[in-house]
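Asker: Mind looking over this structure? Questions follow.
Derivation of every value follows stated rules applied to the coordinates shown; laboratory data play no part. Quick caveat: nothing in here was measured; it's all calculated off a predicted structure.
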Amino acid sequence: MHKYLHTTWFNRYQSLFLLLDNSSFHARAISTLSKPSSSLHGFRFQSVVNNGNVYDSYNGTFTCPTDGLYAFVCSVEARNGKSFAVYFYRGGRQLNNIPIQPDASSGDYMYVDTSSTLQIFSMSRGDKLYLYSTYSDSAIQPVHSTFSGWRISSSKY
């Protein structure tokens with residue numbers, strides 16, 4: 001049996017190699033995502049590929065199944081001149097941010113901005129990671145907004 005499994009997610013992550021016992025997820029917004037009511041859970045992406053049942057779409061939360069190094073990718077789209085930041089949260093603590101700043105200076109309030117990031121975190125079993133915004137009128141737009149994660153190493157750094 002091979003140690004690695006070659007897989008493709010939606011033709012977007014071509015040639016992505018995952019460990020055979022790896023848990024992973026890919027979630028996509030199919031409607032506008034409003035700011036969560038509590039900072040204890042994240043934006044609830046609706047369309048989910050969930051290997052290992054690690055992503056809870058009701059709370060928008062990834063739960064780490066085993067210790068290791070994990071990669072997370074997210075793309076967040078905003079429009080109508082609304083600027084805000086989305087933050088990675090782990091265990092209720094704010095980590096890195098992703099600023100989204102559609103430029104409406106031209107008077108065109110249909111201007112759209114999509115910001116993307118790849119973040120790598122050392123995580124322990126049971127850690128919870130999610131996306132949250134502290135801005136009151138933050139709204140993630142559908143179609144191009146995604147959130148994905150997978151373990152890249154069983155060693156913690």
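Asker: For ASP67, enumerate residues with amide H under 5 Å from its amide H, sequence gap 5+ or separate chain, H modeled in the peptide plane.
Answerer: Amide H to amide H, under 5 Å and 5 or more residues apart or across chains, ASP67 pairs with ARG125.
Asker: Ok, one more. More than 21 Å apart: what percent of Cα pairs in region 24-153 qualify? Before the final figure, lay out each step's value.
Answerer: Values: 2896 of 8385 pairs.
Here the tail beyond 21 Å accounts for 35 percent of pairs.
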